[in-house]
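Everything on this sheet refers to the single structure shown next.
No lab work stands behind these numbers, since they all come straight from the coordinates. Since we're looking at a predicted model, the values are computed, not measured. Quick reminder, even Gly has a Cβ in these numbers, built from the backbone with ideal geometry, and neighbours come from all protein chains shown.
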Amino acid sequence: MRSCEVRRLGRIRYGEALELQRELVERRKRGEIPDQLLLLEHPHVVTMGRNGRAENLLAGEEALARAGIEFHHTDRGGDVTYHGPGQIVGYPVFDLREWKRDVVAYLRGVEEAVIGALGEFGIRAGREPGATGVWVAGAKVAAIGVHISRWVTSHGLALNVATDLSYFRYIVPCGLTKPVTSMRALGCPAELEDVETALARHFGRVFGLAMLETAAITERHE
């Protein structure tokens, strides 16, 4: 079985995580490291993907800055999204040549891992026709946007665990005028660390990986 190193990074800024991903992607392409799964939180940040539309950003960069929200353009797929405290961000750095050279299958696999993890906490999640992500009763609980270079993946998923959903008012999430939700809003009191553990387990199941914890959990900030 192929191995995957799980790195729990606590709360780090978006730009720092982006640089780490780029470094790991290049090392993965060279075969220096096995697959990686980064699990972390970001401080408040709005990111615009390659397919982003300006009208889906409902506040200018100055207004975002006044609200304590960073803004970044990024090379992932998808439109605009929000990351913040209480949300688990997962960045898989996988070499799909060792799994399936199929972008759609990879997206469905990421969704399946999230759906499986949510099921451990009694949440029945699923997919919405024509939309990427994970949904509960018509509301999005996890957004997904990826980048693939020479079959090595980066970026990934954002799962709302105890996220302050009011911050989504600054954007049209992923360009869709559908509601967002969180595990906490659905009545689930799960802690972030427990959800991370479930996510890692289901990534291993879906992608056929032996998940190896390699980095200590950094202190989380309230």
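Structure data summary
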| read-out | value |
| --- | --- |
| Net lengthening on full extension, Arg53/Lys29 (0.36 nm per residue, minus Cα-Cα) | 5.5 nm |
| Contour minus Cα-Cα distance for Ala67 and Asp102 (0.36 nm per residue) | 8.6 nm |
| Rough spin-label spacing in nm, given labels placed 7 Å along Cα→Cβ, for Glu128 and Glu213 | 3.5 |
| Inter-site label distance for Glu16 and Lys178 at 7 Å from Cα along Cβ, in nm | 3.4 |
| Peptides 80-91, 118-129 ordered by average Cβ neighbours within 10 Å, highest first | 80-91, 118-129 |
| 3J(HN,Hα) from dihedral phi, the range 2-12, Karplus parametrisation 6.51/-1.76/1.60, rounded to Hz, x for glycine, proline | 5, 10, 9, 7, 9, 10, 8, 9, x, 9, 9 |
| Unit charges at the beta carbon, dipole of the range 91-222: most positive-side option, Gly109, Val161, Ala190 | Gly109 |
| Antiparallel bridges, percent of DSSP beta bridges restricted to the range 93-222 (to nearest 5) | 95 |
| For the range 100-145: rounded, prolate or oblate by the Cα gyration tensor [a/c cutoff 1.5] | oblate |
| Tensor-based shape of the chain (alpha-carbon gyration tensor, a/c under 1.5 rounded, otherwise prolate or oblate) | rounded |
| Cα point-scatterer Debye curve for the range 1-114, base-10 log of I(q)/I(0) at q = 0.14, 0.19, 0.22, 0.23 Å⁻¹ | -0.66, -1.14, -1.38, -1.44 |
| Cβ-derived FRET efficiency at R0 30 Å, Ser149 paired with Met1, nearest 0.05 | 0.75 |
| Additional length obtainable on full extension of the chain from Asp75 to Ser166, 0.36 nm per residue less Cα span | 30.2 nm |
| Residues whose placed amide H lies under 5 Å from that of Ile171, excluding near-sequence neighbours | Leu58 |
| Charge dipole magnitude, Cβ of K and R +1, D and E -1 - the range 1-111, Cα centre, debye nearest 20 | 360 |
